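Reading through the structure tokens given below for one structure.
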Amino acid sequence: MLKSVITSDGRKIVYDLQIKKVKNVNVRIKPDGMVYVSANKRVPIKFIDDFVVSKADFVFEVLEKFSSEVELKQYFTESQLKDFILQFCKIIYPYYEALGIKYPVIKFRKMTSRWGSCNSSKGIITFNTQLMYAPTECVEYVVWHEFTHFLQPNHSKYFYMELEKVCPDWKLLRKELKGISV
């Protein structure tokens with residue numbers, strides 16, 4: 001990663017540039033205040049800097065939001081979260097078992113950009129331990145979401161049709177999760 005500094009209206013933006021196989025230049029701001037930009041190796045640095053300048057108002061708005069956020073509410077300890085998820089998996093599993101799904105290996109780890117992941121070919125679901133900052137119903141939604149990937153391994157309309165059957169308020173819960181910055 002390359003560290004770059006640009007100035008917009010007398011304000012500095014420090015960002016880390018990551019060169020990777022992407023079609024567009026992307027700007028991401030993490031809750032810790034770090035700004036990340038990803039771009040293809042063929043994109044000139046001047047273009048990237050100009051792009052970041054064009055997004056300066058957005059960057060400063062998000063940085064301000066993160067700096068003024070109240071302390072996160074912790075709903076679970078890590079141990080309680082793991083116990084809760086394991087119990088909830090056992091409760092919902094009969095639905096998926098009836099559809100021919102084998103009980104998955106359940107793992108936990110701290111993730112930076114996802115609440116959970118499912119490797120349907122290997123039968124593994126991994127949950128983000130940062131879910132301890134999410135309310136119970138949001139944690140349940142993540143469990144339903146990841147189990148549904150055994151039926152639809154993508155995020156197609158069919159995936160959401162399946163998810164809707166077991167978690168009708170998934171849109172509201174997903175929106176609530178997006179508001180949690182960890």
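Here, each number is a calculation from the coordinates, and none is a lab measurement. Everything numeric here is computed off the predicted structure, so don't read it as measured data. With ideal geometry, Cβ positions are generated from the backbone for all residues, glycine too; neighbour counts draw on all protein chains shown.
Looking at region 78-178 alone, DSSP beta bridges between its own residues are antiparallel in about 45 percent of cases. Here the Karplus curve 6.51 cos²θ - 1.76 cosθ + 1.60, taken at θ = phi - 60°, turns the phi angles of region 138-151 into couplings of 6, 5, 4, 4, 4, 5, 4, 4, 5, 5, 5, 5, 6, 8 Hz, with x standing for Gly and Pro.
Cα centroid separation, region 124-169 to region 61-114: 9 Å. Among 158, 15, the ranking by other beta carbons within 10 Å of each residue's beta carbon, starting with the fewest, stands as 158, 15.
With the largest listed first and rounded to whole Å, the semi-axes of the equivalent ellipsoid of region 108-182 from the Cα gyration tensor are 19, 16, 9. The per residue volume of the convex hull around the alpha-carbon atoms of the chain is 141 Å³.
Each principal axis of the Cα atoms in region 2-68 has its own extent, and those three values, largest first, are 36, 23, 17 angstrom. For region 2-68, the relative contact order is 29 percent, taking Cα pairs closer than 8 Å that sit 6 or more residues apart in sequence and dividing their mean separation by the residue count. The charge dipole of region 66-132, taken about its Cα centre with unit charges on the Cβ of Lys, Arg, Asp and Glu (plus for the first two, minus for the last two), comes to roughly 300 debye. Annotation: amide H of residue 8 within the under-5 Å range of 13, sequence separation 5 or more or interchain, hydrogens built in the peptide plane.
Applied to region 78-94, the Karplus parametrisation 6.51 cos²θ - 1.76 cosθ + 1.60 on θ = phi - 60° returns per-residue 3J(HN,Hα) values of 4, 5, 5, 4, 4, 4, 4, 5, 4, 5, 5, 4, 5, 5, 8, 4, x Hz, with x for Gly and Pro. In this structure, the residue pairs whose Cα-Cα separation is over 19 Å, taken from 102/122; 30/178; 107/175; 3/110, are 107/175; 3/110. Of the beta bridges in the chain, as assigned by DSSP with both residues counted there, near 60 percent are antiparallel.
Computed from phi, the 3J(HN,Hα) profile of region 129-135 under the Karplus parametrisation 6.51, -1.76, 1.60 (θ = phi - 60°) reads 5, 6, 4, 5, 9, 10, x Hz, with x in place of Gly and Pro. Calculated [222 nm] ellipticity per residue, helices only, for the chain: -13000 deg cm²/dmol; basis is -39500 (n - 2.57) per DSSP H run with n ≥ 4, divided by all residues, nearest 500.
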